[in-house]
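The values are calculated or read from the model by the stated rules, or taken from the named source; none is laboratory data. Values in this document were obtained by computation on a predicted structure and should not be read as measured data. Reconstructed Cβ throughout: ideal geometry from the backbone, glycine too, with neighbour counts over all protein chains shown. Remember, those area values only see protein heavy atoms, side chains included, never the ligands or the DNA or RNA. Shrake-Rupley method; radii C 1.70, N 1.55, O 1.52, S 1.80 Å.
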Amino acid sequence: MARRRQLETPSPEALKEIEAGIDRDLARSPGLRPPIADVVADAARHADPLPQADREAIARDKADAERLRAAEGKGLVAVELPLEDITADALNRDRIELDEEEMQELMTSISVNGLRLPIEVFEPLNPEDAGKYALVSGYRRLTALRRLNAVSGGDRFQTIPAFIREPGSIANALVSMIEENEIRSGLSQYERGRAAASAVHDGIFASVDEAVAVLFQHASKAKRSKIRSFAVIHEELGDMLSHGTGLNERQCLRLAGALRTGAAERLRAALERAGGRSAAEEWEAMVPVIESTEGEPLDPSRGGRPKTAKKVEKARRTEVARGITIEREYGPAGYAIRFSGSEVTQELVDTVMDNVRHLLEHG
């Protein structure tokens, strides 16, 4: 019978050496790692050792971050932008004049309480010309901040809170700008017409009708019709009128009516004589021209609904020398003599006019 070998219990030092050797072998050969070890490691990895309150706080932070990203994507989160990064006139502004008393009140309010309402901007496609950010609404607020910055020597009011919008097109940006000004501080009659005419001039719309239909889409039909009339004023006299915003609705309508009779040149001459000293003096200079045109038929090419023209009365044609005939006409513009025939030339007409002038001057 074979003699049994007696086993001895390893010492603690020997056990540590054996464990270390096993760990070295497993590190060199990952495939030797027992499956249970992976299961244990995975369970440990997914275990949440944090207290319940901490886990709830992390979940809230994650939800808040998702909502913030969604709001930023919609342009609903205001950001602080440097004043120098914002261009106020990238869009043709609908508001021309700022009330100085109101501006001083706004500057005082911002200085004491801060700016309560952010401005609106968008990132233009041509930043080299229009700036990094182009203003949509908030022209008065931006102007007030810039004035305060200048007063402080540039030490304060260097940034302004702004919503960064994605208007999709300049037309949408113009609509936003006009709606903001109409709601907060109504535009003058002339400013409404100027906004429509300028949008056509800038190539945003093909016609004044289209511009008014889009920019003032929530206005009544009667109001849109008036705005089209006000646009005529800017088209014809915008470079001459220094105080257009001082015209009330009735004055604008009378002025537009005179322009539609073809009185633009006479009105421009009247404004030139007025010298742009004040709104009252400009209007007084134009009144005689306007009154002289009231009752005359409108020129259909200048828009609006022309009045029914008075019938032109003609006398019987009279034949004179060389087959030339003359005919007298009378209509809303006065008397006229019409010459016809193959022998009628500019020189002949000029000679007749000289004789008529001599007759009238010397009796």
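I'd like to know if the range 338-354 contains one or more residues that are open to solvent by 100 Å² or more (accessible area, probe 1.4 Å), within 30 Å of M240 (Cα to Cα) and modelled with pLDDT under 85. The answer is no; no qualifying residue exists.
Among residues belonging to the range 108-142 that are more than 18 Å from V175 (Cα to Cα) and open to solvent by less than 20 Å² (accessible area, probe 1.4 Å), point out the one that is modelled with the lowest pLDDT. Here the answer is A130.
Restricted to the range 155-181, and to residues that are modelled with pLDDT of 85 or more and assigned to a loop (DSSP other than H, G, I, E, B), which residue is farthest from A206 (Cα to Cα)? Restricting to residues being modelled with pLDDT of 85 or more and assigned to a loop (DSSP other than H, G, I, E, B), the top hit is D155.
Residue pairs whose Cβ atoms lie under 6 Å apart, separated by 6 or more positions or on different chains, with the first residue in the range 244-262 and closer than 12 Å to E291 by Cα and touching a residue at least 24 places away in the same chain (Cβ under 8 Å) and the second open to solvent by 40 Å² or more (accessible area, probe 1.4 Å) and assigned to a loop (DSSP other than H, G, I, E, B), are T261/E296.
For every residue, the table says whether it meets (1) of a type in the set (D, E, K, R); (2) over 19 Å from the mean Cα position of the chain (by Cα); (3) at pLDDT 65 or above; (4) on the phi > 0 side of the Ramachandran plot.
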{"site": "D38", "(1), (2), (3), (4)": "yes, yes, no, no"}
{"site": "D48", "(1), (2), (3), (4)": "yes, yes, no, no"}
{"site": "D61", "(1), (2), (3), (4)": "yes, yes, yes, no"}
{"site": "G73", "(1), (2), (3), (4)": "no, yes, yes, no"}
{"site": "D89", "(1), (2), (3), (4)": "yes, no, yes, no"}
{"site": "N92", "(1), (2), (3), (4)": "no, no, no, no"}
